[in-house]
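To keep things clear, I will list the structure first and then write my remarks on it.
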Amino acid sequence: MILLPLFSLLSQRLTIEVAALPLQQLPVVPTYAYSSVDFYSPLLGGGSMLDDAGDGFGEPLNVIISGLSSPQVLTEDGIINFAKAIGFSEECLGIHLGAPQSANLGDGNGWVNQTIELRQDYGNSEIGTCLETLIGGNHFRVFKQNGTVAPSGAVFLAVSQEEDLEESHTIIPDGYNIGRDKLTSLAAGTTHFDGVTYSTIARNITGLLAAGSVGVNHGIGTDGITTLLTVTIIDDCSSS
Ligand SMILES: *[C@@H]1O[C@H](CO)[C@@H](O)[C@H](O)[C@H]1NC(C)=O
Ligand SMILES: *[C@@H]1O[C@H](CO)[C@@H](O)[C@H](O)[C@H]1NC(C)=O
Ligand SMILES: *[C@@H]1O[C@H](CO)[C@@H](O)[C@H](O)[C@H]1NC(C)=O
């Protein structure tokens with residue numbers, strides 16, 4: 001009974017003090033959430049650094065786009081635009097070959113299907129991925145770490161270099177390491193697409209993925225390195 005008037009007295013005092021602050025000292029309220037971490041290790045939340053390819057094996061999540069990247073990069077449209085800036089695009093005429101894979105990023109969402117799959121576009125973001133479908137090349141699957149247990153906003157990629165259609169799109173020997181390193185060298189530094197300019201820093205991380213081929217799809221071993229990309233938009237004159 002005594003607490004209530006005291007509380008209202010306090011809140012009244014607070015109100016008065018906030019109102020008395022000069023305008024420029026009022027706290028700035030962000031309009032959307034910023035991440036404060038690069039990513040959370042999926043292993044801490046019962047997840048895995050291998051996705052589920054549906055055949056009892058998985059592909060390594062060998063590239064992570066940091067949650068500290070510009071927030072616009074971490075949306076689905078943002079990932080597609082960034083992919084186009086580094087020579088990838090959506091699948092040929094929207095036709096998807098093969099079943100989607102799923103990943104458990106330890107964020108409380110459990111096993112979730114990939115959101116999109118992007119392919120090397122051979123210099124043409126409209127129809128170039130049709131060529132990748134025929135002759136093979138680099139491609140990646142996209143998974144977002146946004147569950148309430150680990151809401152980093154980071155985007156995990158399963159990157160691999162594929163054989164051509166005749167070889168039913170299997171992965172080339174050493175195709176996980178090669179795919180990761182090719183994507184990284186295309187991404188690092190300054191890139192742009194559709195009026196958006198990106199500055200990307202790459203850093204290698206060990207200790208997330210086990211080196212070797214245990215549980216890895218097609219029995220293709222990896223060196224156990226995951227590359228972390230921090231992608232910052234340094235100029236945006238896009239229409240949107
Ligand atoms: C994941 O994809 C498979 C294959 O297309 C589909 O059967 C399944 O319903 C999807 N799962 C979810 C949760 O969307
Ligand atoms: C997490 O990301 C997926 C894929 O972009 C989206 O479908 C889902 O709505 C997101 N969930 C939350 C809680 O933002
Ligand atoms: C990461 O490691 C791979 C394999 O050793 C190497 O080829 C690549 O250049 C490294 N990338 C960075 C950003 O250090």
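The values are calculated or read from the model by the stated rules, or taken from the named source; none is laboratory data. Since this is a predicted model, take the numbers as computed values, not measurements. Quick reminder, even Gly has a Cβ in these numbers, built from the backbone with ideal geometry, and neighbours come from all protein chains shown. Just the protein is used for accessible areas: all its heavy atoms, side chains included, with ligands, DNA and RNA removed. Shrake-Rupley method; radii C 1.70, N 1.55, O 1.52, S 1.80 Å.
Roughly speaking, what is the centre-to-centre gap between region 69-92 and region 197-226 when only Cα atoms are used, to the nearest Å?
Their Cα centres are 20 Å away from one another.
Taking R0 as 22 Å, what FRET efficiency do you get between Ala188 and Ala211 from their Cβ-Cβ distance, rounded to the nearest 0.05?
0.45
At 1.4 Å probe size, with no ligands or nucleic acids counted, give the accessible surface of Val214 in Å², nearest ten.
That residue has around 140 Å² of solvent-accessible surface.
Let me check I've understood the local charge: for Asn104, count other residues with C-beta under 9 angstrom from its C-beta, Lys and Arg +1, Asp and Glu -1. What total comes out? Working shown, then result.
Numbers: positive: none; negative: Asp51, Asp52, Asp107.
Result for the local shell: -3.
Hey, can you grab everything whose amide H is under 5 Å from the amide H of Gly136? Only 5+ residues off in sequence or another chain; H modelled, so Pro and N-termini drop out.
Residues meeting the criterion, in which the H sits 1.01 Å from N, are Leu165.
Charges only on Cβ, +1 for Lys and Arg, -1 for Asp and Glu: so what's the dipole of region 100-240 about the Cα centre, in debye to the nearest 20?
560
Could you sort Cys237, Cys130 by their accessible area in this structure, using a 1.4 Å probe and putting the largest first?
Final ranking, largest accessible area leading: Cys237, Cys130.
Around Thr191, under 12 Å between beta carbons, what's the net of Lys plus Arg minus Asp minus Glu among the other residues?
Its environment carries a net charge of -1.
Work through the residues other than Ile79 whose Cβ is under 13 Å from its Cβ and net out their charges, Lys, Arg +1 and Asp, Glu -1.
Within the 13 Å Cβ shell, the charges total -1.
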